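Please read the structure below before turning to the comments.
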Amino acid sequence: MDSKRKAPRRKGDDRVILHFDLDCFYAQCIENANPSLKTLPLGIKQKSILATCNYVARKHGVKKLMGIQEAKRLCPDLVLADGEDLSPFRDVSKRIYSLLKSYSWNGRVERLGLDEVFLDVTDIVAYNLALLNHHNLEHSWFCLSREDPEKGFEFDAREVKGCVWPPEPEPRPQDEGDDNQRLRLLLGSHLGFHLRQQIESLGYTSACGISTNKLLAKLAGDKNKPRNQTTLLSSAHPAPFLDPLPLSKIPGIGSKTKQALKTLLKTDEDLTVHNARTHPAVSPFALERALDGGEKGIGQKVWLLLHGIDSSEVKPARDIPRQISIEDTYRGLTDLSQIRAGLVQITTSLLKRMHVDLLDDSEQPVTPPFPSSSPFPSSKPRWLGQPKTIRLTTRPYYPPSERDDFEYNHGRASKSAPLPRYIFDLATNTGMIVERLVEGTLLPLFHSLNPDSNNLRIGLLNVCVINMDGEKHAAGGSDIMAAFQRQKEVGEIRAVAFAEERPNHLDDVAFASQQLDMEPAKDSDSDEEAEWVDDDDHQDGVRCHLCGCVIPVFAVEAHGRWHELDEGYRVEPRWW
Ligand code: DCP
Ligand code: MG
Ligand code: MG
């Protein structure tokens, strides 16, 4: 049966994709602010666990996401730094993203979480491939600009830079096509190295993966960390590379899919890619059936991922985020003064974030011009984008004994309202804006979400601004996305006030197109607002788990692509 199955057709194999992942990101940010920490084992604490730890700590057996107690037991000298405030990490993330974006020719630069960036460098590589002098590969020049031939770096084009996979010397390429692909990846490896050096000039080390699609580039980069890079030379035949990996390593294969595969294989054991890929019971159709209720075509998508095929594009860079959201978790807030304090804190961070991300502080003339002796500044920041909607999300607190009984989003509900324009007034004191927003908008939303104020037990508050106007794309967005956006705006599809950003599931977000967990949904009964509904009735649309929108079946594909464009600003972690 196995032998009858055809290997899936490969798409996009001629691309060159780089994937960068900063080493122990939060730890590097803290170390750079305090360099004496660099030689000490350092853990970054969020609530009772480590968000990450530096590589000195990792030598002692300390791991990411380990409980503090366990980490201290393994490494009593572990220095702990607080990582609750994400602002410094976001600032560094933005700088590194801007740096990488400045090297792109086609604008295809996509962030994943705070510390990862994909770059599609196919065009730069093709240009440099044409420039190669095959008689003097040793002294090649890598051109970084089409306009300025002197902007670039010298490199040795006889060798791939950094590590290669498979590690043994490759057999001679079989034909010119293979040879060209090897050369393209080789050029990508030198560009990857050069860009890693540029990132290091900002003080940050990173890992890089070089391959022909996003999935393989990300997995290749994981092979040699930290401060290293790996080129997957066998991109056209990735089975030996992928087969030993546990399924959990494959971005886009989440817990539902893993469970479905275990059921198909009638096993409780953890599976490798090889187990799943070669088992006779696994086929696109079988997967589609097993993932019944999921996105249409999910079986095919998972099947392709198991074969290392990922035709998803690196999305065009965006100048401003699609949304900004801040949240925090609590051990059951019971009274309104606590809720109010929580909302004030979150809204203050949100405003700060909006100022950093949405204000263009480059020189802007003020009209009418002030005389040069004027005490007033001669320029003022300008809003690059102004969100039109504010959304509040709450979720009850579940004590540890109840947590296993519920899905992650159980009880999560959202409501939204127009964002008052006064928040864009830069002349008003931020504290006053926050007070007014909490009293006038957020508390009313809170009451309508939680009408019984005598029975509160709040575990999460999230405030998010969405529906950004003034968005500019560095490279034009797709038509289908624009059409979808317009459709949204005229209300054909009613936005439900919910968008999930899961810091603990970076990979899920990254590969949203494969991962869009669609579930049947009811039409919402109010325009912009609806509660999170868990509903099994099939109506004329499906609800997207990522944003809560009710999507007509015909638009599901487009919706997936639309999500891929979303840089989705990450939120405060929720550990439970
Ligand atoms: N992070 C988090 N919660 C998670 C995973 C990560 O808050 N569940 C944060 C802390 C990390 C950062 O995101 O520093 C980047 O995540 P990575 O998985 O890339 O981990 P690191 O960069 O810390 O380490 P590595 O060197 O393994 O990439
Ligand atoms: Mg990462
Ligand atoms: Mg990292």
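The values are calculated or read from the model by the stated rules, or taken from the named source; none is laboratory data. Keep in mind the model is a prediction, meaning the values are calculated, not measured. Heads up, the Cβs are rebuilt from the backbone with ideal geometry, glycines too, and the neighbour counts pull from every protein chain shown. Note: accessible area is taken over every heavy atom of the protein model, side chains too, but ligands, DNA and RNA are not part of it. Shrake-Rupley method; radii C 1.70, N 1.55, O 1.52, S 1.80 Å.
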- Within the stretch 205-219, residues open to solvent by 10 Å² or more (accessible area, probe 1.4 Å) and outside any helix (DSSP H, G or I) come out as Thr205
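Conditions tested, residue by residue: (1) under 25 Å from Leu191 (Cα atoms); (2) surrounded by fewer than 21 Cβ atoms within 10 Å (Cβ to Cβ).
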position: Asp23; (1), (2): yes, yes
position: Gln28; (1), (2): yes, no
position: Leu37; (1), (2): no, yes
position: Pro41; (1), (2): no, no
position: His60; (1), (2): no, yes
position: Lys72; (1), (2): no, yes
position: Leu99; (1), (2): yes, yes
position: Arg108; (1), (2): yes, no
- Task: Out of the residues in the stretch 207-220 that are small (Gly, Ala, Ser) and within 17 Å of the chain's Cα centre (by Cα), state the one that is farthest from ligand 3 (Cβ to nearest atom).
- Result: Ala217
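A quick yes/no check of all residues on (1) hydroxyl-bearing (Ser, Thr, Tyr); (2) within 15 Å of ligand 3 (Cβ to nearest atom):
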residue: Leu22; (1), (2): no, yes
residue: Thr39; (1), (2): yes, no
residue: Asn54; (1), (2): no, yes
residue: Ser102; (1), (2): yes, no
residue: Asp123; (1), (2): no, no
- Task: Sort through Val314, Val302 and tell me the only one that's in contact with an Asp or Glu (Cβ under 7 Å, 6 or more places away or on another chain) and either crowded, with 23+ Cβ neighbours inside 10 Å or closer than 25 Å to Ile49 by Cα (or both).
- Result: Val314
- Message: For the condition within 16 Å of ligand 3 (Cβ to nearest atom), touching a Gly at 6+ places or on another chain (Cβ under 8 Å) and within 17 Å of Ile199 (Cα to Cα), what is the one hit in Phe118, Phe89?
- Response: Phe89
- Message: For the stretch 229-256: of the residues being in a loop (DSSP other than H, G, I, E, B) and open to solvent by 50 Å² or more (accessible area, probe 1.4 Å), which is nearest to Glu110 (Cα to Cα)?
- Response: His237
- Message: One residue is enough: does the stretch 152-170 have a residue meeting the conditions open to solvent by 20 Å² or more (accessible area, probe 1.4 Å), part of a helix (DSSP H, G or I) and modelled with pLDDT of 95 or more?
- Response: no
- Task: Residues being at negative phi, under 14 Å from the mean Cα position of the chain (by Cα) and within 14 Å of ligand 1 (Cβ to nearest atom): count how many of those fall in the stretch 91-130.
- Result: 9
- Query: Is there a residue being in contact with a helix residue (DSSP H, G or I) (Cβ under 6 Å, 6 or more places away or on another chain) and under 30 Å from Pro238 (Cβ atoms) anywhere in the stretch 323-337?
  - Reply: no
- Query: Just to be sure, is Leu187 assigned to a helix (DSSP H, G or I) and within 16 Å of ligand 3 (Cβ to nearest atom)?
  - Reply: no
- Task: Would you point out which residue out of Arg340, Arg322, Arg331 is at pLDDT 95 or above and among the charged types (D, E, K, R)?
- Result: Arg340
- Message: Of all residues being charged (D, E, K, R), at pLDDT 95 or above and part of a loop (DSSP other than H, G, I, E, B) in the stretch 47-90, which is nearest to ligand 1 (Cβ to nearest atom)? Just the residue, please.
- Response: Lys64
